1. Kindly indicate whether THR86 is modelled with pLDDT of 90 or more, polar (S, T, N, Q) and surrounded by fewer than 12 Cβ atoms within 10 Å (Cβ to Cβ).
2. Can you pull out every residue in segment 180-196 that is without any contact (Cβ under 8 Å) to a residue 40 or more places away in the chain and not hydroxyl-bearing (Ser, Thr, Tyr)?
3. Looking at GLY111, is it more than 30 Å from GLU176 (Cβ to Cβ) and surrounded by 10 or more Cβ atoms within 10 Å (Cβ to Cβ)?
4. Which ones in segment 165-181 are within 43 Å of the chain's Cα centre (by Cα) and either modelled with pLDDT of 90 or more or among the aromatic types (Phe, Trp, Tyr) (or both)?
5. Before we move on, is ALA149 surrounded by 15 or more Cβ atoms within 10 Å (Cβ to Cβ) and within 22 Å of VAL270 (Cβ to Cβ)?
6. Going residue by residue through segment 166-178, is there one that turns out to be over 27 Å from ASP310 (Cβ atoms), surrounded by 10 or more Cβ atoms within 10 Å (Cβ to Cβ) and either basic (Lys, Arg) or not assigned by TED's automatic domain parsing to the domain that holds TYR333 (or both)?
7. So MET153 fits all but one of (1) in a helix (DSSP H, G or I); (2) over 30 Å from VAL313 (Cα atoms); what number is the exception?
8. Within segment 311-343, how many residues are at pLDDT below 80 and not in a strand (DSSP E or B)?
Amino acid sequence: MPIGKPKQPKAPKAPKEKKPKKPKKERPPKGKKPKKGQELPVEETEVPEGEEQPKKKLPLIVLLIPVVVIAAAAAIIFFVVIPKFTGEKDPEPSVSVEPDPPILPSELPVGDNTVPGMVLGSDEYQAKAVLAKTITYTYTDLADAGKVAETYMGQLNSAEDHFFLVDEEFVRVKEEPDFTTAEGMILLARNLPKPEPEVTPTPEPTATPEGEEGSAAPEETAPEESSAPSEAPEESAEPVEEAPDLVLTVRITWSPGECVVTADEEEGRVTSPPPSTQRPGQSIGIWDAQERLENMDPAQLGLAGTSMGDYDVIPMDGTQMVDGKPCICMYVYSNHNLPQSNEYMGSYLMSLDGEHLYRLDPNSNQVTELEYSPQ
């Protein structure tokens, strides 16, 4: 049996009120990072009922896209489209090209043999090979080479296009060499005529048909001439290159049993030596008279040109009397023309005292004294 008082059951405890838990802060979901060039996603926020939803703000880059497109289109129109219509072309890029080496003869023929030609690089691209006009003949097995040279000189002096005995500067010399020596050399030359300049023909005015002359309306009148003087046409600024003076030379060299003749064309002019001084009362010779005439101005002799180098003066042997004075007669020919066509220009007579000069008219055969002051 149980001892003591029985236990009474305890009253049930009132349940404890649970405190409300604080709401957890919700973290925004982690989005993936955008790749380069992609825009960030825009978060949508809930708007309470009854309130207007605020407008979304566009990013700045979106606003700039139309501006960039418009600027690009304007640039294409200005720099591409417009130049095509106006005819402007882009300048071609300059490309530096190395010049080619000059084309020169690979071999030089010498008789039956050949000599290797000259080879040049591109730095001498303007070089040219000009074949010389020199011609050389060797006359062998001669009995008297000096006499042969003297005979040939006389033939050249008396030719229609006669040569003159000159020095290395193409100045005429009087004294002939001694042809009796075993060896020697002489040089003869004559001036070559210059080519005449080309004349451009002037176009003839076109004739107006007869039917069109009266077709103009009667009311139309010729325009009044301007009182201002018409301007003269401008002359061409480009200078015209004058052809150089050329001489034809013949060099004769002789040695025992042999005579070498070399003909060539060189730049220069056959001239006369300065006139020699003359003492009062001393008479002049035919060569002195020739020198004086050749050193005069052509206008003093009634000839055209500026230099007597365009003429050949040929003195004649003997004398002729003019006004009681013995004179030396000289013929003047023009060499400023085509070969084999020397033109007779007139005859001149100079007194032996060198004080008077006369011109003989070839048509009337009349003698006229010219104004002349001896040097």
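The values are calculated or read from the model by the stated rules, or taken from the named source; none is laboratory data. None of these values were measured; they are calculated from a predicted model. Cβ: placed from backbone, ideal geometry, glycine included. Neighbour counts: every protein chain shown.
1. Judged against the criteria, THR86 is not a match.
2. GLU196
3. no
4. LEU165, VAL166, ASP167, GLU168, GLU169, PHE170
5. yes
6. There is at least one residue in segment 166-178 that is over 27 Å from ASP310 (Cβ atoms), surrounded by 10 or more Cβ atoms within 10 Å (Cβ to Cβ) and either basic (Lys, Arg) or not assigned by TED's automatic domain parsing to the domain that holds TYR333 (or both).
7. Only one criterion is unmet by MET153, namely (2).
8. Within segment 311-343, residues that are at pLDDT below 80 and not in a strand (DSSP E or B) number 8.
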